[in-house]
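Inspection log for the structure reproduced underneath, given as structure tokens.
The values are calculated or read from the model by the stated rules, or taken from the named source; none is laboratory data. What you are looking at is a predicted structure, and each value in this text was computed from that prediction instead of being measured. Here the Cβ positions follow ideal geometry from the backbone for every residue, glycine too, while neighbour counts run over all protein chains shown.
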Amino acid sequence: MYLKRVELQGFKSFADKSVIEFEPGVTGIVGPNGCGKSNITDAIRWVLGEKSAKAMRGDTMTDVIFSGSEDRKPLNMAEVTLVFDNEDHYLDNDSNEVEITRRIYRDGGDAEYYINRQQCRLKDITDLVMDTGLGRDSLSIISQNSINAFVQSKPEERRGMFEEAAGVARYKQRKKESVAK
Ligand code: ATP
Ligand code: MG
């Protein structure tokens, strides 16, 4: 399983539909300051269920929608799709390619989520990626300030990171759900 493609439309600086293809292995994204490199990792975390506007470097979640430029009006919708190669069926889904989409409208309404173009709940996405190393809080994306956060975190928080990395978060979540029922 690997991230094959990211498609962005109306997300932050990506006003027009942009398709970014990745190959297996290591990819470097380079470019001048402010050209949109971090916006790409923001987009990936956003689709995987990031709920904090602050973590998206905004005040409210609608701040991820293209806010206009000198020669362009703001847009009303942002949509990002992640396409994973799933030939090894590492993700628990029968398809060889799994597309996960999140969409948000400026004039309200909750975010919409889709798996392979079928509308779903955020929980379906969280369940799909839990313990795969891809989750919202996973260590697959380490942002500039997260090393500090790791060093300064409380022991229980740090334990949570190890649990995610070790793949036991899924079982803890299921236990919590069954105890709650
Ligand atoms: P650096 O090398 O400094 O880390 P970067 O390539 O990571 O830069 P980003 O932080 O990804 O840059 O992009 C910042 C740019 O994205 C800024 O020009 C900012 O105006 C633009 N931007 C962020 N949010 C929006 C939005 N909602 N609408 C339009 N542009 C946006
Ligand atoms: Mg950056």
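Summary table
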quantity	calculated
All positions within segment 66-124 that are over 19 Å from the mean Cα position of the chain (by Cα) and acidic (Asp, Glu)	70, 71, 87, 88, 94, 107
Qualifying residue in segment 21-35 (condition: crowded, with 17+ Cβ neighbours inside 10 Å and either closer than 20 Å to residue 129 by Cα or without any contact (Cβ under 8 Å) to a residue 24 or more places away in the chain (or both))	no
Options 27, 62; residue that is in a helix (DSSP H, G or I) and hydroxyl-bearing (Ser, Thr, Tyr)	62
Any hit, segment 69-78, residues being away from ligand 1 (no atom under 15 Å from the Cβ) and charged (D, E, K, R)	no
Matching option when the condition is surrounded by 14 or more Cβ atoms within 10 Å (Cβ to Cβ) and either within 16 Å of ligand 2 (Cβ to nearest atom) or closer than 18 Å to residue 112 by Cβ (or both), among 8, 3	8
Residue 45 surrounded by 11 or more Cβ atoms within 10 Å (Cβ to Cβ), within 11 Å of ligand 1 (Cβ to nearest atom) and either in contact (Cβ under 8 Å) with a residue 12 or more places away in the chain or outside any loop (DSSP other than H, G, I, E, B) (or both)	no
Failed criterion for residue 68 (all others in (1) of a type in the set (Gly, Ala, Ser); (2) modelled with pLDDT under 95; (3) loosely packed, with under 12 Cβ neighbours inside 10 Å hold)	(2)
Failed item, numbered, when residue 94 is tested on (1) surrounded by 11 or more Cβ atoms within 10 Å (Cβ to Cβ); (2) free of Cβ contacts under 8 Å to residues at least 60 places away in the same chain; (3) away from ligand 1 (no atom under 16 Å from the Cβ); (4) acidic (Asp, Glu)	(1)
Candidate set from segment 128-157 (those that are under 26 Å from residue 65 (Cα atoms) and outside any loop (DSSP other than H, G, I, E, B)); member that is modelled with the highest pLDDT	128
Flag if residue 141 is in contact with a helix residue (DSSP H, G or I) (Cβ under 7 Å, 6 or more places away or on another chain), surrounded by 15 or more Cβ atoms within 10 Å (Cβ to Cβ) and among the aliphatic types (A, V, I, L, M)	yes
Residue 81 being assigned to a strand (DSSP E or B), away from ligand 2 (no atom under 16 Å from the Cβ) and in contact with a strand residue (DSSP E or B) (Cβ under 8 Å, 6 or more places away or on another chain)	yes
Single condition residue 110 does not satisfy, out of (1) in a loop (DSSP other than H, G, I, E, B); (2) at pLDDT 80 or above	(2)
